[in-house]
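Each remark here refers to the structure printed beneath this line.
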Amino acid sequence: MLNISRTSSGDYEFESEIFVPHPLQDVFDFFAQPENLEKITPSWLNFRIITPRPISMQAGTLIDYQLKLHGIPLRWRTEITEWIPLVRFVDTQLKGPYRTWRHTHTFAGQDNGTLVQDHVIYSVYGGALINRLFVQKDVERIFQYRLDQLKNFTPAGLPG
């Protein structure tokens, strides 16, 4: 499931969710390793974490990335602003392509698996026109790729 809507403040709100038929601990452990983000991000973004590894995930952790968006090289820095193991974590953009970006990752153990939910509040430079022409489509494609990759999740991670 993917859904983008406009908030009353003019930001955009994005939501997605997927049921992963594996235990909460395994699924959360996968997301708790930042390098796994590269495995669930489409190759057309040329996405790379440039923060030296290992990266210890906790509130206050800073992570730097490099990517290309529409052929334009970008740097992106996020901070883990909330870290509640096995429940949720939040990454907030400090520097990057968005005016604002706050991504909440939520995990809920259920019978026979884990519900993984993404909730993003973002705003863009250039407003509604730029969002409609470029950003919304990109966000939808990126998260659809992520959902498609998570369909192949195993306790050992993802194939390939």
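The values are calculated or read from the model by the stated rules, or taken from the named source; none is laboratory data. Predicted model, so just to flag it, every value in this text is computed and none were measured. Cβ placement follows ideal geometry from the backbone for every residue including glycine, while neighbour counts extend to all protein chains displayed. In case anyone asks, the SASA skips ligands and DNA or RNA and just uses the protein heavy atoms, side chains included. Shrake-Rupley method; radii C 1.70, N 1.55, O 1.52, S 1.80 Å.
In the stretch 15-65, inverting the average of 1/r over every pair of distinct C-alpha atoms gives 12.7 Å as the Kirkwood radius. Considering only Phe107, Pro97, Pro85, the residue lying farthest towards the positive end of the dipole of the stretch 46-160 is Pro97, judged by Cα position with unit charges set on Cβ. The HN-Hα couplings worked out from phi for the stretch 62-69 by the Karplus form 6.51 cos²θ - 1.76 cosθ + 1.60 (θ = phi - 60°) are 9, 10, 9, 10, 10, 7, 10, 10 Hz, whole numbers, x standing for Gly and Pro. Put simply, the amide H of Thr51, placed in the peptide plane, has neighbours under 5 Å in Asp64, leaving out anything fewer than 5 places away on its chain. In terms of modelled amide H atoms, which long-range or inter-chain residues lie less than 5 Å from the amide H of Gly113? Those lying under 5 Å, H to H, from Gly113: there are none. Normalised by residue count, the chain yields a Cα convex hull volume of 113 Å³ per residue. Here the stretch 29-160 is assigned +1 on the Cβ of each Lys and Arg and -1 on the Cβ of each Asp and Glu. Its dipole about the Cα centre then comes out at about 500 debye.
Applied to the stretch 32-44, the Karplus parametrisation 6.51 cos²θ - 1.76 cosθ + 1.60 on θ = phi - 60° returns per-residue 3J(HN,Hα) values of 6, 9, x, 4, 5, 4, 4, 6, 10, 10, x, 5, 5 Hz, with x for Gly and Pro.
Each residue, Phe19 and Leu115, gets one label point 7 Å from its Cα in the Cβ direction; the gap between the two is 1.0 nm.
Converting phi to 3J(HN,Hα) with the Karplus coefficients 6.51, -1.76 and 1.60 and the offset θ = phi - 60°, the stretch 130-145 yields 5, 4, 5, 6, 10, 5, 4, 4, 5, 4, 4, 5, 5, 6, 5, 4 Hz in sequence order, with x at every glycine or proline.
Surface composition of the chain: carbon plus sulfur atoms contribute 52% of the solvent-accessible area (1.4 Å probe, protein chains only, all chains present).
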